[in-house]
Amino acid sequence: MTVFSYTLKRLLRNKLNLFMILVLTPFFIGIIFSFGSFEKNSITVGLVDQDNTPLTEMLAQSLEETSPVFRLEEGEIRRALARSQADYILVIAPGFSQQLIAGEEPKLRSYSIQETNFASRVQIKVEGFLGAARSLAAAAEGDQTAFYQGLEEYQRGNFVLKSAAFQQQEKSIDASLAGMGMLAMLMMLLSSFTTINLIKDRVNRTFYRVMAAPVPLKNYMLQNILCFFLVLLIQIAVMFLGVHYVFGLYLGPSVLNLYLVMAVFALLCVAMGVALSALARTVQQAGTIASLVITPMSMLSGLYWPRSLMPEILQIIGKYLPPTWLIAAVEKVMLGKPLASASMELAILLGFTAVFFLLGTWRRADIAK
Amino acid sequence: MLVETKNLVKRYGDVLAVDNVNLQIAEGEIFGLLGPNGAGKTTIINMLIGLTKVDGGEIAIFGKKVNGNREDVSSHIGIVPQELAIYNDLTAAENLAFFGKLYGIKGKLLQERVTEALEFTGLSDKRKILPKKFSGGMKRRLNIACAIVHQPKLIIMDEPTVGIDPQSRNHILSSVQELHSQGSTIIYTSHYMEEVEELCTRVAIMDEGRIIAQGNKDELKELVSFEDRIVVEVSTVNFTLVDEIKRIGGVTDCFLAENILTIHMAKNSHIIGRVVDAITGAGTEVVTLSAEKPTLESVFLTLTGKKLRD
């Protein structure tokens, strides 16, 4: 691990690097979200209630506290979405209440016009309500009367059910999603550490000298990748601590899950840096390519603003860009869903990572050149 | 043989960078690769250390084929690249420790080797200094120290004196001789004829990817020693003297520039005494007399029709 330890030493010896990793990133993101505005936008909810029980009625009332709710039939869903009568439609199947009170895990179906961060507020509301209902159902042990009595008490606010995942205000979730987007963009920019270092080593011929030693190329690359990956992991941790404790940014119900998602993206950033170092001949070239790639990619992937605000064609293009899948994964874990629910998004990110690594190594066949 | 290449070939597109090169380098030699820029010297070096793919032929070092044994072979080779290959953000000692570790040296032995390499290159008092504060010559010396910290059996030096001051150059040349006296085998590439002539026991002269001559210095000079040449400084100028000398059997040419007579004569004609007699007989005196031998520069000029630094 000689290459790893000395590369880390060189990186951390540079005071500018340390400042960027430890201070600038959390400060930058924190300041933006301290002074930024994340007011709620109104979202219209369509409700297809095929169960029609007191429980579903209470759920509808709960939703009406924050959003206009109108009722419709299942056959009207497509038209309502197409005519923008509803931004988000929730379908409650027959027997939903009975299953929930019996302690089962009935599923809700939902539809929206497009992937949108705003929909997360409705999902939070629904999950918050159903989380409380599930807890009451478990306490009532299948007794419907006891269950509804408890639910009425809960709605009157006579007791609080611990449901840590959904206690946050919607404003905090939106701010946190945007915060993660900003962090992702900064991580992509900081992947230039990888690029700059690899190019510098190539230009100043130390790469040549290392390769003349009994060190396989894959070993050298792996140790560099590990080093820069570690730096990004430290940066995410510092940023999480900074924005949470200093600026009070909400990091979701499972900070560990969020950290793991960001860690996968960190690996992708390092891979991107490796690929860029193979494509660019000089540090200046790498800087130009990075600027031309990272900024549009951040815009199209919804790191600056929700993708739903962009024209459809740009949203389609965004699907082919890695940060889009990061934001999708972050949204899931921020909503308290298990990490496994974001496995498709994480697999796509890892796929992009593999492609970048391949791009970064295939052009190194003749090391001496 | 410590190093042996057979019909080595390297192509870059349509350009034949190395053309059927055969080298044999014995243990303990300082072997010079002499040739102008672009002759293919560095390409051969890169193929020897396994960093450039060989398009044809074979390389064996320490009796092992480089292809398939690169890491094993390279662990006993030290390379001094043409360009400086040092980390400017690591101190001199850290640079040496890093490269030493890459060759598997650890702990106390590593510290000893670092100290020895610094002493050898005269950088002991600079061990904690970053190379960016070094002069060009000091950087060159650190470049060499990084190559010898693991005490390799074979040291390859690719134009190690390019662009440095005469003092550092002399230091490097004496370092090469010192390493040789300690038993190292050295491959030394240069386009400076004087360096190769001074240092090397055997020399291969390269041009346009080919070895055009190979042997020890005397063998190479023998290739162009078809005549002897003497230069005589005379006390007074006498224009009839040139004709007198030309009439001596064995003299092929003679010309006078100011009071310097340059006389070309058939090889081993042993007529210097007759030349001196002719000069004194013409009423003038010999101030100085020197016999000129062919140089590697003249060998290269004769074999290729161009100068080394063209």
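Annotations for the structure displayed:
- Some residue of region B:55-63 being within 14 Å of another protein chain (Cβ to nearest Cβ) and charged (D, E, K, R): yes
- If the condition is being among the hydroxyl-bearing types (Ser, Thr, Tyr) and touching a Ser or Thr at 6+ places or on another chain (Cβ under 9 Å), then region B:141-177 contributes B:Thr161, B:Ser168, B:Ser175.
- Here B:Glu119 clears all of (1) more than 10 Å from every other protein chain (Cβ to nearest Cβ); (2) part of a loop (DSSP other than H, G, I, E, B); (3) of a type outside the set (A, V, I, L, M, F, W, C) except the condition numbered (2).
- Residues that are under 30 Å from the mean Cα position of the chain (by Cα) and under 16 Å from A:Ala212 (Cα atoms) were ranked within region B:102-116; the one that is farthest from the other protein chains (Cβ to nearest Cβ) is B:Tyr103.
- Counting only strands (runs of 3 or more DSSP E) that fall entirely inside region B:161-277 and contain at least 3 residues that are touching a residue at least 24 places away in the same chain (Cβ under 8 Å), the qualifying elements are B:185-190, B:202-207, B:210-216, B:227-234, B:260-266.
- Looking across region A:185-198 at every residue that is at pLDDT 80 or above and within 14 Å of chain B (Cβ to nearest Cβ), the one that is surrounded by the most Cβ atoms within 10 Å (Cβ to Cβ) is identified as A:Leu198.
- In the set (1) loosely packed, with under 15 Cβ neighbours inside 10 Å; (2) more than 14 Å from chain B (Cβ to nearest Cβ), A:Lys218 fails one condition alone, (2).
- The one condition in (1) under 25 Å from B:Ser174 (Cα atoms); (2) more than 12 Å from every other protein chain (Cβ to nearest Cβ); (3) out of contact with any helix residue (DSSP H, G or I) (no Cβ under 6 Å at 6 or more places or on another chain) that B:Gly40 fails to fulfil: (1)
- Criterion (of a type in the set (Lys, Arg), within 14 Å of another protein chain (Cβ to nearest Cβ) and at positive phi) met by exactly one of A:Arg209, A:Arg205: A:Arg205
- Just one of the listed residues (A:Ala266, A:Ala212) is in contact with a strand residue (DSSP E or B) (Cβ under 6 Å, 6 or more places away or on another chain) and not charged (D, E, K, R), and it is A:Ala212.
- Checking A:Tyr245, A:Tyr259, A:Tyr304 one by one, the residue that is part of a loop (DSSP other than H, G, I, E, B) and aromatic (Phe, Trp, Tyr) is A:Tyr304 and no other.
- Look at (1) under 16 Å from B:Glu94 (Cβ atoms); (2) more than 21 Å from the chain's Cα centre (by Cα) and you find that B:Gln151 fails only one, number (1).
- Within region B:83-94, the residues that satisfy the criterion of being facing chain A (nearest Cβ under 9 Å) and not aromatic (Phe, Trp, Tyr) are B:Glu83, B:Leu84, B:Ala85, B:Ile86, B:Asn88, B:Asp89, B:Leu90, B:Glu94.
The values are calculated or read from the model by the stated rules, or taken from the named source; none is laboratory data. What you are looking at is a predicted structure, and each value in this text was computed from that prediction instead of being measured. Cβ: placed from backbone, ideal geometry, glycine included. Neighbour counts: every protein chain shown.
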